[in-house]
Amino acid sequence: MNRRRRVYEGKAKILYEGPEPGTLVQHFKDDATAFNAKKKDVIDGKGVLNNRICEFIFENLNAIGVPTHFVRRLNMREQLIREVEIVPLEVIVRNVAAGTLSERLGLDEGTQLPRSIIEFCYKNDELNDPLVSEEHITAFGWAAPQEIDDIMALAIRVNDFLSGLFLGVGIRLIDFKLEFGRLYENEMVRIVVADEISPDSCRLWDIGSDEKLDKDRFRRDLGGLLEAYTEVARRLGIMSENEPVATARGPVLVQ
Ligand code: C5P
């Protein structure tokens, strides 16, 4: 299966050359990492769940006119995507204080923010993805001012869509990370949402209990990560109601 040329391997995904020029295959691994890969584990079935949750979200974003790199899911672990030039930024959207924002500003986790906040981090593992401002981004040429405007407008649309989607299934969208890419077509270039959106890259809390349904279960040694991701998939209607949460062979998914 893996005779294809590997273009890139990240912590949780591999990119292979796609079937046509301008396409890639994005493969979701079971590897879980946190704190810039200082903490690592393998969680059987995580890649399968993230592939399906990500497919569901990106298909819906495409459908409401938010451009993404996603074309279609190929199999349990892989999706076909358009090849883009990744903008070297992690764009974080926050609705509620948590994680590094709480640490940095001394805010209690769970405090509703006065409005949604967008943060930019420079994508660089050696530097631990440092927080940067628009001044750094334009001065160092990581993105042009117009691209930053496009990124912020898209980030707000994604936040509005995801907040409503999750609220409808009893989940509070605390924060999430996006990546963007430049899609070159017909001598034109436009910014599209790339990478993934999944419980690996979002904070998702159950509305009634504040139970964490995201990667903080791994980061904070809470256990039950697969069950939490399965619960997210189930609430989104990706898995049917009466399926077992997780088996030794991994979750069973509706086709
Ligand atoms: O750790 P922090 O509070 O800055 O994370 C904010 C949000 O961005 C969280 O939802 C986290 O899952 C996501 N994130 C990510 N990848 C990173 C850093 C943060 O998906 N490298």
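Some values worked out for this structure:
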item	result
Residue within the range 99-114 that is of a type in the set (D, E, K, R), more than 28 Å from Lys212 (Cα to Cα) and away from the ligand (no atom under 11 Å from the Cβ) present	no
Pairs with Cβ under 8 Å, 6+ apart, first in the range 104-128 and at positive phi, second in a loop (DSSP other than H, G, I, E, B) and away from the ligand (no atom under 11 Å from the Cβ)	Gly110/Asp210
Test: Val158 is within 16 Å of the ligand (Cβ to nearest atom), open to solvent by less than 40 Å² (accessible area, probe 1.4 Å) and within 17 Å of Thr68 (Cβ to Cβ)	yes
Selection count, the range 60-87, where residues are surrounded by 16 or more Cβ atoms within 10 Å (Cβ to Cβ) and within 16 Å of the ligand (Cβ to nearest atom)	1
Some residue of the range 239-246 being at pLDDT below 95 and crowded, with 18+ Cβ neighbours inside 10 Å	yes
Qualifying residue in the range 183-194 (condition: in contact (Cβ under 8 Å) with a residue 60 or more places away in the chain, within 10 Å of the ligand (Cβ to nearest atom) and within 14 Å of the chain's Cα centre (by Cα))	no
Options Leu178, Leu167; residue that is at pLDDT 95 or above and within 16 Å of the ligand (Cβ to nearest atom)	Leu178
Qualifying residue in the range 140-151 (condition: of a type in the set (Asp, Glu) and at positive phi)	no
Helices (runs of 4 or more DSSP H) wholly inside the range 34-150 containing at least 3 residues that are closer than 19 Å to Cys202 by Cβ	46-63, 99-105
Residue, farthest from Glu78 (Cα to Cα), within the range 195-211, restricted to residues that are within 16 Å of the ligand (Cβ to nearest atom) and not charged (D, E, K, R)	Trp205
Candidate set from the range 22-33 (those that are in a strand (DSSP E or B) and away from the ligand (no atom under 16 Å from the Cβ)); member that is nearest to Ala233 (Cα to Cα)	His27
Which listed residue is within 12 Å of the ligand (Cβ to nearest atom) and over 30 Å from Leu49 (Cβ atoms), from Pro145, Pro130	Pro130
Verdict on Ala143 being free of Cβ contacts under 8 Å to residues at least 60 places away in the same chain and touching a helix residue (DSSP H, G or I) at 6+ places or on another chain (Cβ under 7 Å)	yes
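The values are calculated or read from the model by the stated rules, or taken from the named source; none is laboratory data. Every value quoted in this text rests on a predicted model; they were computed, and no experiment measured them. Positions of Cβ are backbone-derived with ideal geometry, glycine not excepted, and every protein chain shown enters the neighbour counts. Calculation scope for accessible area: heavy atoms of the full protein, side chains included, ligands and nucleic acids excluded. Shrake-Rupley method; radii C 1.70, N 1.55, O 1.52, S 1.80 Å.
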